[in-house]
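Structure first, commentary second.
Coordinate-derived values only; no laboratory data. As the structure is a prediction and not an experimental result, all values here were calculated from the model. Note that we place each Cβ from the backbone using ideal geometry, even for glycine, and neighbour counts take in every protein chain shown.
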Amino acid sequence: MALLDIGDEVIEALTNVPYRGTTVSMPPTDPLLYRFYEILLVYGPTIKDLIHEKFWDGIMSAIDYEMDIKRLEVPKGDRVLVTLNGKFLPYKKW
């Protein structure tokens, strides 16, 4: 695309339709992805309970959502800080 000065590979990547959950087998076999999976298996119910305690019944949006990843340099070994920041959506009452 001459107007934007981007190549065919970039155009193809930008026009691919995302499919949620179809790119990784479950459970994940990649060690890093498995750790995220494991975190949710172990701590997911507690995280849910804490969200409900602080906000009442609802969910965290995965659409109106931001994520940040930082490296924390500490003497015992660097750490990964992952911040998940999603809008709270209360359950609708019918």
* To do: Considering only Val24, Val42, Val82, give the residue with the highest GNM mean-square fluctuation for the chain, with springs between Cα atoms whenever their separation is below 10 Å.
  => Val82
* To do: Determine how many Å³ per residue the convex hull of the Cα atoms of the stretch 13-94 encloses.
  => 182
* Structure fact -> 1/(1 + (r/R0)^6) with r = Cβ-Cβ of Asn16 and Ile59, R0 = 35 Å, i.e. FRET efficiency to nearest 0.05, evaluates to 0.80
* To do: Specify the angular offset, from 0 to 90 degrees and rounded to the nearest 10, of the alpha carbon long axis of helix 31-55 from the longest principal axis of the alpha carbons in the chain.
  => 50
* Selection of trypsin sites (Lys or Arg not before Pro), the stretch 18-55, meeting DSSP coil and at most 11 other Cβ within 10 Å -> Arg20
* For each pair in Lys54/Lys93; Lys48/Lys76; Lys54/Lys92; Lys48/Lys70, compute the distance between the two Cα atoms and list the pairs where it is over 29 Å. => Lys48/Lys76
* Structure fact -> Interchain or sequence-distant (5+) residues whose placed amide H lies within less than 5 Å of the amide H of Gly86 are Glu66
* **Net charge dipole size for the chain [Lys, Arg +1 and Asp, Glu -1 on Cβ; Debye, nearest 20]** => 580
* To do: Per DSSP H run of n ≥ 4, the term is -39500 (n - 2.57); total these for the chain, divide by its residue number, and report the mean residue ellipticity at 222 nm rounded to 500 deg cm²/dmol.
  => -11500 deg cm²/dmol
